[in-house]
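Chemist: Here it is, the structure in full.
We did not get these values from a lab; they are worked out from the coordinates using the rules stated. Owing to the predicted nature of the structure, the values given are computational and were not obtained by experimental measurement. Cβ placement follows ideal geometry from the backbone for every residue including glycine, while neighbour counts extend to all protein chains displayed.
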Amino acid sequence: MSNIKELLKQMIEELNKIDDLDKKIGELNNIKTELHEVSPFAKEPVDCVIWVKADTVHANDYNPNKVAPPEMKLLHTSIEEDGYTQPIVTSDMKAAGEQKNVYYEVVDGFHRNRVGKEYEDIKKRIHNYLPITLLVKPKDERISSTIRHNRARGTHGIRPMAEIVIDLSRYGWDDERICKELGMELDEVLRLKQITGLKDAFMGHEFSKSWEKFARRNYKQDE
């Protein structure tokens, strides 16, 4: 234990010698990332929060969750008074091979992202950086991650949710997987599909068999 304390002391001394802010943040990120690798919580994204340039964090093109102006103002006040208590959940698009340059796509926390970019007092305080955690997932799994985050605490617009269900269907997800991944009931999925137009939504889909499969899985005791 004494060796670790001594090493920590040396590390802090070295960090204090760094005057360049960007370089210091980069070194701190490296330290956090290395420690995360040996952490007993290495599988938990929140175990490693790093700070990245705000202009490398980008919105996704599918999030149906909306925040009204009063809630945005309250979020700003919360961050102004309490600081960032939650990181922005992002996908590392460069690591995923989807971007050539450093590019983090928001999975959850778009409005926390907006506060850090749009409010000058916050932007100045955090040196035009944003706190993020990292995921590396393909787009269909990023979509389901976003929906799970949103549904756990809020609501969606019906039309955007319907479009997301159709998009996941086009990725090859069947109704059972959509239900499981998004925390939905089968009848909810089917109603959302109907909103977008039956021909496209039910192409190659056997309604009765899907409904019977759902019933068998959930009402075995009645058979």
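Chemist: Taking only pairs six or more apart or across chains, which ones have beta-carbon atoms under 6 Å, a first residue in the range 4-27 that is more than 19 Å from ALA54 (Cβ to Cβ), and a second residue that is in a helix (DSSP H, G or I)?
Modeler: ILE18/LYS24
Chemist: Take ILE147 and tell me if it is under 27 Å from LYS193 (Cα atoms), among the aliphatic types (A, V, I, L, M) and either out of contact with any Lys or Arg (no Cβ under 6 Å at 6 or more places or on another chain) or surrounded by fewer than 20 Cβ atoms within 10 Å (Cβ to Cβ) (or both).
Modeler: yes
Chemist: Now a separate question. Given the residues TYR103, TYR129, which is the only one that is aromatic (Phe, Trp, Tyr), within 15 Å of the chain's Cα centre (by Cα), surrounded by 14 or more Cβ atoms within 10 Å (Cβ to Cβ) and at negative phi?
Modeler: TYR103
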